[in-house]
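**Student:** Input: one structure, supplied below.
The values are calculated or read from the model by the stated rules, or taken from the named source; none is laboratory data. These numbers were taken from a predicted model, which means no experiment stands behind them. As a convention, Cβ positions derive from the backbone with ideal geometry for all residues, glycine included, and neighbour counts pool all protein chains shown.
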Amino acid sequence: MWPIFLKILSIIGIVLACILGVVIVLLLLILLCPVIYRIDGTAKDNKYTAKIRIKYLFGIVRAGYDYPEPGNIYAKAAWFTLYDSSKGSDDQDESKNPKSDASYEDTSEGAEFEALDIDSYGNPIEKHETEESSKASVSNSNSKKNKSNTSKTNNNKPHIINPMYYIKKAWENFRYKVIVKIQYLIKDIKYYYALWEHDDTQALFNSVKKRGLKMLKIIAPKKGKVDLIFGADSPDTTGKIYGICCALFTKWPKTFNIVPDFENKIIEGSLYIKGYFNLFSLAVHALPIILSKKLRLTKARLDAHGDKKDISKAKNEKKHEKILKDLEEEYS
């Protein structure tokens, strides 16, 4: 008996170990398998084309975007299409065409039967239907009478002639809609400035900045070729853009060829960029920020400020309504 029981336990343990091993292998594949991206673009005679391709898990998961307009965005997993914008646009065009709908029929005969108070077989409509329609008309007339009565009661309110009432009412509306909002804006600026100068916020910002730059280096393209002639509206803008491009493409001095045109507004040339990264390297830098205690404290301070602001707004709204009612009672 015991040998059989132990053998069953050993088989269960082997099965569980195999399942755990498969799960670990899948996790390692998801985290360590590189995400490969490629960008191709051309510009000539005011015509622009661009292609973006992303591959993951050895090409099992794919996504892409094609330009010019209307463009096409797609996402695929193995041989399944998860999303394709071109197919969605075709479906929308078919739905806009009423003749393509099978339920589209000419109901002119039905309209004639309804006008004659007979059904499609030539039989008269039953009495209870006409009674229901008459009841509906009576209820509509009653509702109109009630509305007219309410409007009469509103018109019977005494008209205030004293100009001081309108002056005070205008001042109260101005105070509530303008002055109070300016006060809230000043309080927000002071609070956010104090929050920015707080030690926890500064430490969080420095951490995000440091780790964010590392993440950008990981995502940065590894290969590239640029042949471009460009010119902006003004020579100053052209110089600034050229400086930024020089800072971005310092790793590719041989394949980097950008010629600025300080006289004409022009964009012509081609662009090729390719890079890769894995999710594990990004998670190493992103998780410490997400799980940071300083981030939770900063979020809690922002939420507390928002709650106080909502309570204060509700109090001011009630105060405003009370002042208007008191003014109306005072001068009526």
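**Student:** Out of ALA314, ALA286, report the one residue that is on the phi < 0 side of the Ramachandran plot, part of a helix (DSSP H, G or I) and loosely packed, with under 11 Cβ neighbours inside 10 Å. Don't jump to the end; show me each part of the working.
**Tutor:** Values: ALA286 fails: loosely packed, with under 11 Cβ neighbours inside 10 Å.
Step by step, each of ALA314, ALA286 is checked, and only ALA314 is on the phi < 0 side of the Ramachandran plot, part of a helix (DSSP H, G or I) and loosely packed, with under 11 Cβ neighbours inside 10 Å.
**Student:** Still on this structure, I have one more. Do you know which residues across the range 200-230 are farther than 27 Å from ARG296 by Cα and among the small types (Gly, Ala, Ser)?
**Tutor:** ALA220, GLY224
**Student:** What tally of residues in the range 211-224 results from selecting those that are surrounded by 12 or more Cβ atoms within 10 Å (Cβ to Cβ) and either touching a His at 6+ places or on another chain (Cβ under 8 Å) or under 17 Å from ILE289 (Cα atoms) (or both)?
**Tutor:** Matching residues across the range 211-224 total 5.
**Student:** OK, next. Do we find that THR298 is modelled with pLDDT of 90 or more and within 34 Å of the chain's Cα centre (by Cα) in this structure?
**Tutor:** Yes: the conditions hold for THR298.
**Student:** While we're on this one: Checking the conditions here, which among GLY275, GLY231, GLY269 is on the phi > 0 side of the Ramachandran plot, surrounded by 13 or more Cβ atoms within 10 Å (Cβ to Cβ) and at pLDDT 85 or above?
**Tutor:** GLY269
**Student:** Yes or no: the range 41-52 includes at least one residue that is in contact with a strand residue (DSSP E or B) (Cβ under 9 Å, 6 or more places away or on another chain), modelled with pLDDT of 90 or more and under 29 Å from LEU287 (Cα atoms).
**Tutor:** yes
**Student:** Go through GLY239, GLY275, GLY269 for me and flag whichever is part of a helix (DSSP H, G or I) and in contact with a strand residue (DSSP E or B) (Cβ under 9 Å, 6 or more places away or on another chain). Before you say what the answer is, go through the steps one by one.
**Tutor:** Working: GLY275 fails: part of a helix (DSSP H, G or I); GLY269 fails: part of a helix (DSSP H, G or I).
So the residue among GLY239, GLY275, GLY269 that is part of a helix (DSSP H, G or I) and in contact with a strand residue (DSSP E or B) (Cβ under 9 Å, 6 or more places away or on another chain) is GLY239.
**Student:** (1) modelled with pLDDT under 85; (2) not in a helix (DSSP H, G or I): which one isn't true of ILE36, the others all being true?
**Tutor:** All conditions are met except number (1).
**Student:** Test GLU263 against the criterion of being in a strand (DSSP E or B), out of contact with any His (no Cβ under 6 Å at 6 or more places or on another chain) and not assigned by TED's automatic domain parsing to the domain that holds ASN46, and give yes or no. Walk me through it before giving the result.
**Tutor:** Details: in a strand (DSSP E or B): no; out of contact with any His (no Cβ under 6 Å at 6 or more places or on another chain): yes; not assigned by TED's automatic domain parsing to the domain that holds ASN46: yes.
Answer is no for this residue.
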